[in-house]
Amino acid sequence: VRQAFSLPGLSIDSTLSTLADWPLEQVVGGTWVREDGEKRLLAAGFVGGPVAQLACSEASVPHCVDGWLRKPRDRARMLDPGFRVCGVAVQVRTDGITAVLNLASD
């Protein structure tokens, strides 16, 4: 998606992936709060630039990405040129997926 907008792709960061596990449980449980998740990323040391945490429950990964691009706040984060690394946690169900995507500058 970022390449379609002439932005560099994101590198996978294993710490950001690990930090997506607990918010994923919260999304599934209905207790996730975006601001708390982003504060947690800052507390984990991702303080050199912007951080973001996106979540979705959809039929597939493309549906999640499409949903993020349709929401102005999420779209701005997906296409923020300040982000260079990401991490994701996904729960697969028979009827779809739930995912949490963490984004950071480095």
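For S6, the accessible surface of its heavy atoms amounts to roughly 110 Å² (probe 1.4 Å, protein chains only, rounded to the nearest 10). By the Cβ-Cβ criterion of under 4.7 Å, the unpaired cysteines of the chain are C86. Dividing the helix sum by the residues of the chain, where each DSSP H run of 4 or more adds -39500 (n - 2.57), gives a mean residue ellipticity at 222 nm of -10500 deg cm²/dmol. Put a plus charge on the Cβ of each Lys and Arg, a minus charge on the Cβ of each Asp and Glu, and nothing anywhere else: the dipole of the chain about its Cα centre is then about 280 debye.
The values are calculated or read from the model by the stated rules, or taken from the named source; none is laboratory data. None of these values were measured; they are calculated from a predicted model. Glycine also receives a Cβ, built like all others from the backbone with ideal geometry; neighbour counts cover every protein chain displayed. Keep in mind that these areas ignore ligands, DNA and RNA; they rest on the heavy atoms of the full protein, side chains included. Shrake-Rupley method; radii C 1.70, N 1.55, O 1.52, S 1.80 Å.
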